[in-house]
1. Expressed in nm to one decimal, what extension gain is obtained for the pair GLU125 and LYS684 from 0.36 nm per residue of sequence separation less their Cα-Cα distance?
2. In the structure displayed, which of LYS310/LYS375; LYS175/LYS524; LYS259/LYS299; LYS45/LYS82; LYS701/LYS816 lie more than 23 Å apart, Cα to Cα?
3. Tell me, what HN-Hα J-couplings in whole Hz come from the Karplus equation 6.51 cos²θ - 1.76 cosθ + 1.60 at θ = phi - 60° for each residue of region 570-580, using x for Gly and Pro?
4. Please compute the alpha carbon radius of gyration of region 68-225, then divide it by the globular-protein estimate 2.2 N^0.38 Å. Two decimals is fine.
5. Evaluate the distance, in nm, between pseudo-label points positioned 7 Å from the Cα of ASN431 and of LYS132 along their respective Cα→Cβ axes.
6. Kindly work out what percent of the DSSP beta bridges joining two residues of the chain are antiparallel, to the nearest 5.
7. How far is helix 915-937 tilted off the main Cα axis of the chain, in degrees rounded to 10, range 0 to 90?
8. So how far apart, in nm, are the two label points at ILE281 and GLN845 if each is 7 Å from Cα heading toward Cβ?
Amino acid sequence: MTAKFKANSNLSLTQRYNPLELETEVRAFWEKNKTLKTLAETRQKNNVGMLGYVEGPPTMNGIPHVGHARGRVIKDFHYRFKTMQNYYISFWAGWDTQGLPVELEVEKTLGAKNKKELIARVGEEAFVEECKKSIMKYHREWVTGDKMLGLFIDHDKAYYTHEDRYIEREWHYLKRAWEQNLLGEGHYVVAYCPHCQTSLSNAEVGLGYKEVEDPSMHFKFQVRGKEKEFFIVWTTMPFTLITDLIIGVNPKEDYAKVKVGIETWILAKQRVEPIMEILEIEDYKIVETVKGTELVGTKYEYPFNDLIPKQAELDQHPLIHTAVAEDFVDVTTATGIVHLAPANGEDDYSAAQKRELTMFAPFDEQAFFTEEAGKFAGHFVRKTDSMVVEELENRGLLLKIDKVKHEYPTCWRSHHKLVWMARREYFIWTNKINKKVMQAAQTVKYFYESPKNRFFSFLKEGKPWCISRDRIWGSPLPIWVCEECGKKTLVTTKQELREKALELPDNFELHKPWIDRVILKCQKCGGKMSREPFVLDVWHNSGASPYARFSDQEFNTLVPTNFLTEAVDQTRGWANSLLLEHVILTGKPEAPYEEFLFQGFVLDAKGRKMSKSLGNVLEINSLLHEKSADISRFYFLWKCSPIDSMNFNPNELKGRPYQVLSTLYHLHNFFMQNAGYDNFNPKKHTLNWATKQNNLKDPDKWLLSKLQGLVKEFTEKAEECEFNFALSKLEDYVVNVLSREYVPMIRKDLWSDDPETLNRRLAVYSTLWYTLKRLVLLSNPTTPFISETLYQTVYKQLDDSLLETVNLETWPTPDKNLQDDTLEETFEILLKTLPIVYSARQNSQLKRRWPLAKVVVIAPKNIQKAIQKLEPLFLELANIKAVEYVDKLPEVDSEKWAVAYEDETHVLLDKVRNETLEGEGLMRDLARRVQTLRKEIGFSPTDIVEAVYIAELEPKDIKLLNPYIPEMEGLVRAKKVQVTENRVELDAEWHEDKLDKKKVFMAVT
Ligand SMILES: [Zn+2]
Ligand SMILES: [Zn+2]
């Protein structure tokens, strides 16, 4: 059955809540009416403030899955919530289209063994074209996903990080860094992935710690001039002995000289016992203890001087191949002595820098040893581990070689073990501005402590930012170097390139390979300048979005942006690069966002990470073909706090989240059926009208008062990003307060269709109209599809002066005049006492429908008073004729009384049912069914029908009913009511119904 008010759009209020159908229709409705644009334009013209938003751009290398959906739902919630508060927000899409992830995706498609092989085969131009094709393929999936989810993000205003316009503005950040002497070339030890053939930023290194297996090698270095004395050292990277320059000891700790056979070994005193155990040496003796400082300057014999001529040369330096003191040397693990290879480790590098030692970095860009590495030349660095082990063994210096499993950084993309190598790179010296960055970070609101702490501890490290990458598909580093005099120039626009060019390709774009064909003229010597071959770190690319995605004017109005949210791993990613770049751009301790919510990850139903290899990735587009977008959105926000990891279980969608929305839907059905029947007119029958008529009763006032509390709390929780708490308040109100508690309180008022009580019914409708409409508004940011449906099919149907879409409505605020705390407390007592009556009934198998003669309430005075205040309602809901109040529990005859209690409240029910009570109960049950039937058939409330027939009744029921026939005739507004055992021939149709599991038939003429 469809509601009496038929919608004039395709949207209709149907008997059943069918979310998939309804959502398809709402998508078409939004599309047809350009609702997204209308909303944006309306708020742009007229608002209480402009809130900047810049989209954290998803990488276009995969299909959107539920992990992405969580963040997108939060973003859309925020957008709808704030636009309903009449703010304007630049909620425009953005896509991360460059960088390693995109390259890897293309490599997979093209089937490449490694990059070198691929580029040789297809060439850079074809490779770049493939990258563009690939991102557009994924882009389509994301746009579809957003539409399925109901996101009101503007795709027409999207930014793409590979567009020339974007890249020019990204270069502007580099220009600002250049001007402040924060951008430069450096020799630096960087993490390098041998597979991806590129260096990784510190942020990326933190993303891929994994347990790996490595060699565990104990070996010794002979002390120069003492043939039988040795330093004992341990390493998991034997290859680093090739670039070894010094060994480190801790200056403050004790070191032991240990007699082992005819040799003397030096190692940390507290490590003697465990190391001897590992090496299986039982016979040893500590002969002397010295402080670490006393070992400083001791020269050791570098074992491979004969294999690496360059090392023999370096050995002449007085400091090289000696022990140095460093606080970072840990004496609680290994031997307490570390060998340091400045070209292959960060600590090693800084130890060498401090002492101004020469860099010995004999490897090429692909991490292969060069000629300088002597015997080891031509090998990939990590492949020389076994050669080093063998050479040490040949020299009698190897003590033990074994395997060890340990946590080690791997590439977050390809999962290969990283190596640290000194390379020529470009850096932004963010270490120099760390204080400003920390100050900027302090100004931001993070909502929750734990992700904030995580972010701060990362920022505090304040390491320089290596921004150069050895890749192809990325923003090019805009630095040109003169081949003659070495002068460097930083360029920031295409126009500038044209002006300074000696050679310029036709129609070039700001990408490799075209950009590399641009040759500039040196302003100093007139020589040829060519570009440094690097591209920029993708995090620099996306971190430039606040300036790069806007025009200057937009940037000035909308940045710092207001509320941003991304997954918690973005503490090291986008949130970090946004902050660093903004501080560089402005030169001020200012963040580009005022608020940042870091969300937890989405895991599968069993709490496992979603991954392709486990086959447990849930893609949004296929999920939403079967599951409701509204219910999924509700579930994302309702299930747990946004910062917690969330176990996504599709089976849970049909549980509570479905129940809440379905209840909201059916409450509207209930409202429409009744209000339509009585010709309710919301413009006339307002709450004010009902109040003036004195037709609002306590239940209505209580419901309205509770609603004010809900509006207040929901808004507060939503502002604090405690979506789960906000929604559990809404859930409680819809399911418990309104559906389970209020509706039974007013049902009897609505049964009657007596014109004399019409105004009371209209007052109930005005209460429901006011309440339900506000619930629809509160729901809109979470479940926009059902909200739009109800808005169109209920509110706009009854009041055509309403707005074109629910999204244009204004967020509700609490009305103090409708708040009544005392009344709420009174009702709370009533609602605690009723279940005690019900359980007394249940204990003695007295059905709730059966009227009983008397209840005795034994309770403290305040409870008695509350019940007294609401006594008619209490008796009606309890279905009892009379109540008596007693202070103390009397002796109880359990034959006569049904008993139940809770805390201090006891109730006694008179169990005796006489025929009068039974007959009245039966009559009311039947009258209620006839009322419904009358409405369904289409009689108006004022019609008085000829006759009502009720058949298939038992003889004893007919006997019980007989005394009540006149009363029933009044209730159902009939000239005659006839009750019989069998159905008689009639002009009217018989309608089947059920009473106590028995069939009963009714007809109205
Ligand atoms: Zn890699
Ligand atoms: Zn020059």
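1. Values: separation 559, 0.36 × 559 = 201.24 nm, distance 7.04 nm.
Length gained, GLU125 through LYS684: 194.2 nm.
2. Details: LYS310/LYS375 11 Å; LYS175/LYS524 19 Å; LYS259/LYS299 20 Å; LYS45/LYS82 15 Å; LYS701/LYS816 12 Å.
Those over the limit do not exist; all pairs fall within it.
3. Working through the residues one at a time gives 6, 4, 8, x, 5, 4, 5, 5, 4, 5, 4 Hz.
4. On the way: Rg = 22.4 Å, N = 158, 2.2 N^0.38 = 15.1 Å.
So region 68-225 has a normalised radius of gyration of 1.49.
5. Output for this residue pair reads 4.1 nm.
6. Values: 86 of 118 bridges.
Once the DSSP bridges in the chain are tallied, antiparallel ones form about 75 percent.
7. 70 degrees
8. Between ILE281 and GLN845, the label points sit 8.9 nm apart.
The values are calculated or read from the model by the stated rules, or taken from the named source; none is laboratory data. Because the structure is predicted, anything quoted here is derived from the model rather than measured. Using ideal geometry, Cβ is built from the backbone for each residue, glycine included, and neighbour counts are taken over all protein chains shown. Quick note on the areas: whole protein, heavy atoms, side chains included, nothing else; ligands and nucleic acids left out. Shrake-Rupley method; radii C 1.70, N 1.55, O 1.52, S 1.80 Å.
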